[in-house]
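Please read the structure below before turning to the comments.
The values are calculated or read from the model by the stated rules, or taken from the named source; none is laboratory data. Just so we're clear, the structure is a prediction, and the values are computed from it rather than from any experiment. Heads up, the Cβs are rebuilt from the backbone with ideal geometry, glycines too, and the neighbour counts pull from every protein chain shown.
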Amino acid sequence: MRALLHAEFVTFARDKTALAFTFLFPVLFILVFGFLMGGEDQSRLGLVLNGVPGTKLVSVLEKTDGITVTSFPDRESLKEGIEKRRVDFGLVYDGKALVFVYDPTRVQDNYAFEQIARGISTRFNLARQGAHPAVSVHAVAVRETSGNWFVRVVPGVIAFSILSAGLFAISGHLAMMKERRQLDRFLVTPMRPVSLLAAIAGVRLVVAYVSAFLTLLVAITALHLEFSVDWGRYALFVPAATIGAMGMGALIALVVRRPESAGNVSNIFAMLMMFLAGIYFPIEIMPSYLRALSKLLPLTYMADAMRDITGVGEMPTSEFWGITAGLLVLGLVLLPLIARYIVRADRR
């Protein structure tokens, strides 16, 4: 068994694609998108008053949560500030109308900025009339969350790295071993197929732990994000999720008759899940049919569970353990059933 573990480790270490996909991609994503999108907890508003009294407007802005205000002398300097990302969007007041200025390239962010602008306009109109809101509105979260948008993305990226480590361990890795005739050499020995799968699982569990921890460490140290990690549940969830992903990979390897195509199918499957499972953006903003589809994807539940573990989301304890147990059972059931067929030397 020790020799199998060593051979599997060496094989994985020589696979540059697997190394990049498992370690490099999550870290690069965290760094690139983190510096671009994750650094600000508040929206930055640029203000131009055009020489008119703006006492009431300034008072409204000071009472508006979630923004910081920077003054500009004129509209041209404001546009330059928006283009160079010194502010997120702008407001020009000439004594008659409020004109909000946006960067058209920030399509996703502008939706949030427009919501803030509507709130400012409503409160300013009431202030000019000397009126007050008829009712007070308070937002109450159904589930406890912490941090900004990108803090919630990081656990999703970690979940995706775990999925990749397990999914490609069977569908991609075994296909590569078949193409290189490595599997045939293994199977002419007294080795049992389960022993080979156990060695693959052992190495991939270590890989999943290291990849998840490295991604989390980069987010904390480089981007100064804060997480409250439940390390006990983390230690149990990572192997359960990895084994579950290996079961999915085994199912793909069984369905796809040509081993060299299994890795490609797994790659497409993983990419589809990454975009539809709420990793990049909330599932709630998707169309209803995509929201229904996301509920069928294992990565959706893996990401939610990882957010719960890292303290940026909350789910009922029973739901978390149900997801963990479901992934573990999925892998433990599929792997032994499919293993004997997948690792047959005569299967092409």
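So, of the residues in segment 88-100 that are surrounded by 15 or more Cβ atoms within 10 Å (Cβ to Cβ) and under 17 Å from Val58 (Cα atoms), which turns out to be nearest to the chain's Cα centre (by Cα)?
Result: Phe89.
Can you spot a residue in segment 44-54 that is closer than 27 Å to Met271 by Cβ, at pLDDT 70 or above and crowded, with 18+ Cβ neighbours inside 10 Å?
The answer is no; no qualifying residue exists.
When you look at Gly311, is it buried (at least 19 other Cβ atoms within 10 Å of the Cβ) and touching a residue at least 24 places away in the same chain (Cβ under 8 Å), yes or no?
Answer is no for this residue.
Applying the selection to segment 231-264, what residues are surrounded by fewer than 17 Cβ atoms within 10 Å (Cβ to Cβ), in a helix (DSSP H, G or I) and modelled with pLDDT under 85?
Scanning segment 231-264 gives Val255, Glu260, Ser261, Asn264.
Could you grab me the full set of residues in segment 282-314 that are modelled with pLDDT under 90, over 19 Å from Ala212 (Cα atoms) and part of a loop (DSSP other than H, G, I, E, B)?
Selection gives Pro282, Met286, Pro287, Glu314.
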